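Worksheet: the structure to be examined is printed underneath.
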Amino acid sequence: MKQLVYLLLLASFVFTSCKVQKPSGLALQAGDAMLNKPDFAPAHVGISVYDPSENKYLYNYQEAKYFVPASNTKIFTCYAAMKNLKDSLVAFEYLSGDENTAIRFTGDPTFLHPDFKQQPAFVFLRENAPNLTFITPNWKAASFGRGWAWDDFDADYMPERSPMPIYGNLVRFERKGNGLNIIPKSFKDSLNIFSSMETGNFAIVRDKNDNHFEVIQSNRKFSTTDIPFTVKKGIEDVSLSLLEDTLNRVLHFASGVNNGNEGWKKFYSQPTDSMLKLLMHRSDNFFAEQTLLMVGNEKIGMMDDYLIIDTLLKTDFAGIPHKPKWVDGSGLSRYNMMTPQDFVWVLAQMKKEFSWERIKEIFPTGNDGTLAGLYKNYAGRIYAKTGTLSNHVALSGYITTNSGKLLIFSIMVNAHQTSASAVRKSIEQFVTGIIENY
């Protein structure tokens, strides 16, 4: 009799255990699309899918583990900007005097940037140039973020940060006949030509510590090239001299004014969301870094990446599930460490606090921006931010399912040993499966 009772209890336990461990539909989809594939065997994977209307998670897999987020970090930066920057960006602060106007730049990356044809800030400076004095900005950041790859100093995706960005802190080289067109023109005397350009097989490189550029031989055809210039000491060096050349006049500079921070007014340049859209659609690192510093100038009165991140984590991000290690605005740094649930939380907060129309305008959708070539039949059904560093891929955002549900998700893959495109395709299979089947 005792043996029979024991067998019945054992059977009940086995049945109950099997019932509890039965995979959910999303777990099966995650296994088929990603987790059970050989490409994912060596990788670290985290997944979180959340239904904000019911305030519950539909699926979690290693959701509380930390991952290198790459450009998903820009979601944090975008949320901070939406909360702390007004409808328009502050181009600079100014203080009007009897005979002179003091100008203090605030990190606006759109100043004389080729993507912004209308330049009200430049027009103001041009019309008032004889009576302007440029004041040292409230700047406490370094040109490069912590954990950035030092040997990418001349890559177009890593311009230096600065208090007075100008021309996107880039020099553009364009082919013009057998020569080159250089923007800004003031860099034309900084180019040394050591190789023939007649065949078109050449490249341009820059010295690491100076703004000296060289034409060298290459086995590839030259195409328009953007190379960051080194800002060196900030406004009192390269940026101010470039503005002098553009305005064609000598400008005045001072370390400060007698009345400190009293009486300063703000001069606005571009609509904030016009910049945030570019930041998210093309994953613009320069815009992201300068955006975080502009948030610092508005929130704490200082362009200081370390201090503004610390302040944001104690205020706007105080409810985040797992305290992240957040070190820059763009995600260029591999020191960043965040969890899938962290991104779900930020995206959920964004959805609560801002209109859905605004979010849709800022985030790329299917086959758009950094999602180009992916989710081709799902435009308007997915709005998400990609993230890519070597061996790391991430995607976080919003999807609308066939049943009309709006869901929030975050998928993070670290240390994969296959191609990024293969990982993205598997993520696409999983995400579109949720859209179609949920």
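No value in this document is a laboratory result; all are computed from the given coordinates. All of these numbers come straight from a predicted model, not from anything done at the bench. FYI the Cβ positions are ideal-geometry reconstructions off the backbone, even for glycines, and counts take in every protein chain you see.
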### 5 angstrom amide H check on His212, placed H, neighbours 5+ away
Asp207
### Query
When the helix-only estimate is applied to the chain (DSSP H runs of n ≥ 4, each -39,500 (n - 2.57), divided by the residue count), what is the mean residue ellipticity at 222 nm, nearest 500 deg cm²/dmol?
-9500 deg cm²/dmol
### Task
Can you pull the one-decimal nm distance between simple spin-label points at Lys117 and Leu247, each 7 Å off the Cα toward Cβ?
2.6 nm
## Note on the structure
Diffing the stretch 48-55: the Karplus 3J(HN,Hα) column from phi (6.51, -1.76, 1.60, θ = phi - 60°), in whole Hz with x for Gly and Pro, holds 9, 10, 10, 9, x, 5, 10, 6
### Task
In nm, give the distance between the simple-model label positions of Asp32 and His322, each being 7 Å from the Cα along the Cα-to-Cβ direction.
2.8 nm
### Summary
In this structure, the FRET efficiency calculated for Ser24 and Tyr306 from their beta-carbon separation, with R0 = 45 Å, to the nearest 0.05, is 0.60
### Summary
Scalar couplings 3J(HN,Hα) for the stretch 184-201 by Karplus 6.51 cos²θ - 1.76 cosθ + 1.60 (θ = phi - 60°), nearest whole Hz, x for Gly and Pro, are x, 5, 5, 8, 5, 7, 9, 9, 10, 10, 10, 9, 5, 9, 5, 6, x, 8
### Task
Kindly state, to the nearest 0.05, the FRET efficiency for Ala142 paired with Asn258, given R0 = 22 Å and r defined as their beta-carbon distance.
0.15
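For the stretch 90-275, report the translational diffusion coefficient in µm²/s to the nearest whole number, using Stokes-Einstein at 20 °C, 1.002 mPa s, and a Kirkwood Rh over Cα pairs.
After rounding, the answer is 120 µm²/s.
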### Task
Name the most mobile residue of Asn128, Asn169, Asn211, meaning the one with the largest mean-square fluctuation, in a Gaussian network model of the chain with Cα contacts below 10 Å.
Asn128
## Note on the structure
For the stretch 92-100, in residue order, the Karplus 3J(HN,Hα) values (coefficients 6.51, -1.76, 1.60; θ = phi - 60°; whole Hz; Gly and Pro = x) are 6, 9, 9, 10, 7, x, 5, 10, 8
### Query
Given a Förster radius of 22 Å and the C-beta distance between Lys188 and Lys208 as r, what FRET efficiency does 1/(1 + (r/R0)^6) yield to the nearest 0.05?
0.60
### Links that overshoot a 30 Å alpha carbon limit, given the list Lys117/Lys266; Lys185/Lys221; Lys314/Lys351; Lys208/Lys314; Lys65/Lys385
Lys208/Lys314
### Query
Hey, fewest Cβ within 10 Å first, where do Tyr375, Tyr335, Tyr383, Tyr438 land in order?
Tyr335, Tyr438, Tyr375, Tyr383
### Query
Amide H neighbours of Asn336 under 5 Å, counting only residues 5+ apart in sequence or on other chains, H built in-plane at 1.01 Å?
Val327
### Query
Is the shape of the stretch 324-438 best called rounded, prolate or oblate, per the rule: a/c under 1.5 gives rounded, else a/b larger than b/c gives prolate, else oblate, with a ≥ b ≥ c the square roots of the Cα gyration tensor eigenvalues?
oblate
